[in-house]
1. Quick check: anything in region 122-132 modelled with pLDDT of 95 or more, under 19 Å from ALA34 (Cα atoms), not in a loop (DSSP other than H, G, I, E, B) and not small (Gly, Ala, Ser)?
2. Which residue, of ARG103, ARG135, is part of a helix (DSSP H, G or I) and of a type in the set (Lys, Arg)?
3. Would you be able to say whether some residue in region 73-82 is of a type in the set (Ser, Thr, Tyr) and open to solvent by 40 Å² or more (accessible area, probe 1.4 Å)?
4. Applying the selection to region 81-94, what residues are of a type outside the set (D, E, K, R), under 27 Å from ARG148 (Cβ atoms) and within 12 Å of the chain's Cα centre (by Cα)?
5. How about region 13-91: which helices (runs of 4 or more DSSP H) wholly inside it have at least 3 residues that are of a type in the set (Gly, Ala, Ser) and at pLDDT 95 or above?
Amino acid sequence: MRHLIAALLFAATPLFAQAGSPPAIYDEAADAKAAIRASLAEAAPAKLPVLVVFGANWCGDCRMLDATFKTGPSAPLIAKHFKVVKVDVGRFDRNVDIAEAYRVPLKKGIPAVAVLSTEGKLVYATEGGELADARKMGDQGVYDFFTR
């Protein structure tokens, strides 16, 4: 009987682990290049720049930035002025080539962003880890960053 209970508990462990983990904010299986192309196509009619956000699901600062984009003071600003696409960098072992192509040095920290024109040209990149301390910056600091 003890073996049966132990086996059931062992089998259920992944379910408990999943239930307790926060939802993914980055699609780890996404084709990032295709997602960027799609975002550029969607943004073109509205003449919106594309905000490429590099980050990872394990990153607390990435989660804070994502929450700020959705509900913080930056939310209306971001929604009005950008088409956002998120690119998962895993443990700095995914989509690194894309970050490098947009002059985003991931070694300076994540989250990091690149702003692309409607034609896909780089307009701006966080080259110095400007958003890597998003939790410390807080909602107002993130808002200030995007309004300067």
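The values are calculated or read from the model by the stated rules, or taken from the named source; none is laboratory data. In this text the structure is predicted, and so the values were computed from the model without any measurement. Every residue, glycine as well, gets a Cβ built from its backbone with ideal geometry; the counts of neighbours run over all protein chains shown. Each accessible area value is taken on the protein alone, full model and side chains, heavy atoms only, with ligands, DNA and RNA left out. Shrake-Rupley method; radii C 1.70, N 1.55, O 1.52, S 1.80 Å.
1. Looking for residues that are modelled with pLDDT of 95 or more, under 19 Å from ALA34 (Cα atoms), not in a loop (DSSP other than H, G, I, E, B) and not small (Gly, Ala, Ser), one finds at least one in region 122-132, hence yes.
2. Just a single option satisfies the conditions, and that option is ARG135.
3. no
4. VAL84, VAL85, VAL87, VAL89
5. 32-43
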